[in-house]
1. Looking at (1) basic (Lys, Arg); (2) open to solvent by 60 Å² or more (accessible area, probe 1.4 Å); (3) modelled with pLDDT of 85 or more, which one does Arg32 not meet, given that it meets all the others?
2. Looking at (1) among the aliphatic types (A, V, I, L, M); (2) touching a residue at least 60 places away in the same chain (Cβ under 8 Å); (3) more than 21 Å from Gln95 (Cα to Cα), find the lone condition where Ala3 falls short.
3. Between residues in the stretch 14-40 that are part of a strand (DSSP E or B) and residues that are surrounded by fewer than 10 Cβ atoms within 10 Å (Cβ to Cβ), which pairs lie under 7 Å by C-beta distance while being six or more apart or on different chains?
4. Do we find a residue being outside any helix (DSSP H, G or I) and open to solvent by less than 40 Å² (accessible area, probe 1.4 Å) anywhere in the stretch 58-71?
5. For the stretch 57-75, name all the residues that are farther than 21 Å from Ala3 by Cα and touching a residue at least 12 places away in the same chain (Cβ under 8 Å).
6. I'm checking my understanding of the structure. Among residues of the stretch 41-51 that are of a type in the set (A, V, I, L, M) and in contact (Cβ under 8 Å) with a residue 12 or more places away in the chain, which one is surrounded by the most Cβ atoms within 10 Å (Cβ to Cβ)?
Amino acid sequence: MEAYLGLVPGEKSSGEKQHRSPITKTGNSRVRWLLIQAALCLPRVKRPETAHLREWAEEMAARRGKKIAVVALARRLAGILFAMMRDGTQYRPPQAQEEDKEAA
């Protein structure tokens, strides 16, 4: 799903050399824009359900920079949304999933 939306880095390789380029930007630009906007807003919203995503994005921003972290978070959101559509489930944060496993 991430590649379909153009949220993965491009690659131009020849022989032994690999060159990673910025994101491919293939697919629907409106959906990509909406995911980027959601990723920009996520760190500002202090909801407990999204705390793990916010912490992950903050760590990424410290290592790689804010813009790269935003695109990486948008890519992760696309994967989560695809899994929810594929399985027909609602979003459950990782803490809720661990509690479900312990109760079973």
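1. Among (1) basic (Lys, Arg); (2) open to solvent by 60 Å² or more (accessible area, probe 1.4 Å); (3) modelled with pLDDT of 85 or more, Arg32 violates only (2).
2. Tallying (1) among the aliphatic types (A, V, I, L, M); (2) touching a residue at least 60 places away in the same chain (Cβ under 8 Å); (3) more than 21 Å from Gln95 (Cα to Cα), Ala3 fails exactly one: (2).
3. His19/Lys12; His19/Ser13; Ser21/Lys12
4. Applying the first criterion (outside any helix (DSSP H, G or I)) to the stretch 58-71 yields 65.
Next cut, open to solvent by less than 40 Å² (accessible area, probe 1.4 Å) only: 65.
Scanning the stretch 58-71 turns up at least one residue that is outside any helix (DSSP H, G or I) and open to solvent by less than 40 Å² (accessible area, probe 1.4 Å).
5. Once the filter is applied, which keeps residues that are farther than 21 Å from Ala3 by Cα and touching a residue at least 12 places away in the same chain (Cβ under 8 Å), the stretch 57-75 yields only Glu58.
6. Residues of the stretch 41-51 that are of a type in the set (A, V, I, L, M), as a first pass: 42, 45, 51.
Retained after the next criterion (residues that are in contact (Cβ under 8 Å) with a residue 12 or more places away in the chain): 42, 51.
Working: Leu42: 18, Ala51: 13.
That would be Leu42.
The values are calculated or read from the model by the stated rules, or taken from the named source; none is laboratory data. These figures come from a predicted structure and were not determined experimentally. We place every Cβ from the backbone using ideal geometry, glycine too, and count neighbours over all the protein chains shown. Note: accessible area is taken over every heavy atom of the protein model, side chains too, but ligands, DNA and RNA are not part of it. Shrake-Rupley method; radii C 1.70, N 1.55, O 1.52, S 1.80 Å.
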